[in-house]
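The values are calculated or read from the model by the stated rules, or taken from the named source; none is laboratory data. All values reported here derive from a predicted model rather than from experimental measurement. All Cβ positions, even for glycine, are placed from backbone atoms using ideal geometry, and neighbour counts span all protein chains on display. Ligands, DNA and RNA are excluded from the accessible area calculation, which covers all protein heavy atoms including side chains. Shrake-Rupley method; radii C 1.70, N 1.55, O 1.52, S 1.80 Å.
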Amino acid sequence: MIPSPQTQDAHPSLPGLLARCARTAGGIAFAGTLTLGGAGVAAADPADDGDLETTTLSSSAQDDATQYWTAERMEAASPAAELVDDEEAADGQVESSATESIPAVAADPQVRAESQEASGRSAEAGTAAAGTDHVGKVFFTVDGTDYVCSGNAVASGNGSTVSTAGHCVNSAGTWADNWVFAPGYDEGSTPYGLWGASDLYATDQWVSTEDMNYDIAFAVVEPESGSANLTDAVGGSGIEFNTRRGALYTSYGYPAAAPFDGESLEQCQGLGSDDTIGGTDDQAIDCDMTGGSSGGPWFVGEDASGYQISVNSFGYTTQPDVMYGPYLGDVAQDIYEAAAVA
């Protein structure tokens with residue numbers, strides 16, 4: 001959610017504080033004119049067209065990323081952050097097809113145990129909330145500075161797909177590097193290790209214009225060691241596109257800006273409502289999570305067992321303690337399907 005006024009400038013040196021909107025470092029999303037570090041990252045494929053933008057990271061870049069994220073760097077990473085002026089949000093109609101649901105998948109107990117053992121890190125406790133080990137922290141580097149978001153393992157054909165926010169993979173058309181997912185993160189423990197991204201997927205609408213209607217992304221990841229699939233190790237949420245609006249939603253994330261410290265999984269719950277301020281097609285719920293929670297999943301219902309239908313995205317400067325998440329329509333489904341079979 002949005003921080004109180006005294007916390008909005010918690011990280012005034014954070015890039016992306018644009019003149020065109022009042023984006024401050026205690027907020028929810030992370031975009032702006034950031035120039036993301038490109039070491040080991042391929043440029044976007046010029047052949048890409050339509051709604052999909054993607055980049056592939058080399059095996060060496062994946063290895064470098066998992067080695068890069070020491071406990072000290074993870075603890076010191078800054079929360080990705082943004083608030084949006086009322087007039088800044090783009091208008092658009094994102095829903096256009098019938099609802100489509102991809103059911104959840106359960107973890108394989110043997111693979112789960114092997115993944116914990118192979119991580120070489122504490123395997124005693126995953127996230128504090130039961131049934132949420134598939135939710136985790138996302139770490140990446142931006143122009144030499146380390147940042148943190150949130151993410152979630154979702155059911156997919158490749159068993160290795162993570163959902164997050166668009167601004168947690170790409171800014172101003174440039175892709176992040178050192179991108180890793182830490183499922184089940186809790187108080188410094190990464191019980192399933194770090195999973196480095198091999199491919200990142202975002203919408204063209206986000207990459208080209210940072211349209212808040214399309215602040216959704218997916219990553220395909222590989223294990224730090226071994227050959228297991230992500231969802232075999234931690235399970236994968238079901239995900240739903242073109243879902244009905246206005247239901248009860250529960251969101252999760254790792255807010256790292258004050259008054260939170262980013263060390264534990266937090267949640268919010270509320271009925272979805274339309275955006276009456278900026279005209280986006282996003283939905284809103286009451287929530288006080290801060291920067292670092294970006295990209296964390298929204299589920300239908302009272303816990304993480306329901307279908308994922310959105311991610312933590314942004315908030316308005318004039319509307320504290322309200323979180324907005326993009327509506328997952330056809331475009332979101334297109335990039336999910338591309339990532340899920342990569």
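Which ones in segment 193-228 are open to solvent by 10 Å² or more (accessible area, probe 1.4 Å), in a loop (DSSP other than H, G, I, E, B) and either in contact with a helix residue (DSSP H, G or I) (Cβ under 6 Å, 6 or more places away or on another chain) or of a type outside the set (S, T, N, Q) (or both)?
Glu210, Asp211, Glu224, Ser225, Gly226, Ala228
Looking at (1) modelled with pLDDT under 95; (2) over 23 Å from Asp261 (Cα atoms), can you tell me which one Gly193 breaks?
(2)
Where in segment 256-339 are the strands (runs of 3 or more DSSP E), entirely inside, with at least 1 residues that are surrounded by fewer than 24 Cβ atoms within 10 Å (Cβ to Cβ)?
So the answer is 266-271, 283-286, 297-300, 322-325.
Does segment 63-86 include one or more residues that are touching a Ser or Thr at 6+ places or on another chain (Cβ under 6 Å), at pLDDT 85 or above and open to solvent by 50 Å² or more (accessible area, probe 1.4 Å)?
Within segment 63-86 (the criterion being touching a Ser or Thr at 6+ places or on another chain (Cβ under 6 Å), at pLDDT 85 or above and open to solvent by 50 Å² or more (accessible area, probe 1.4 Å)), the answer is no, since none of the residues qualifies.
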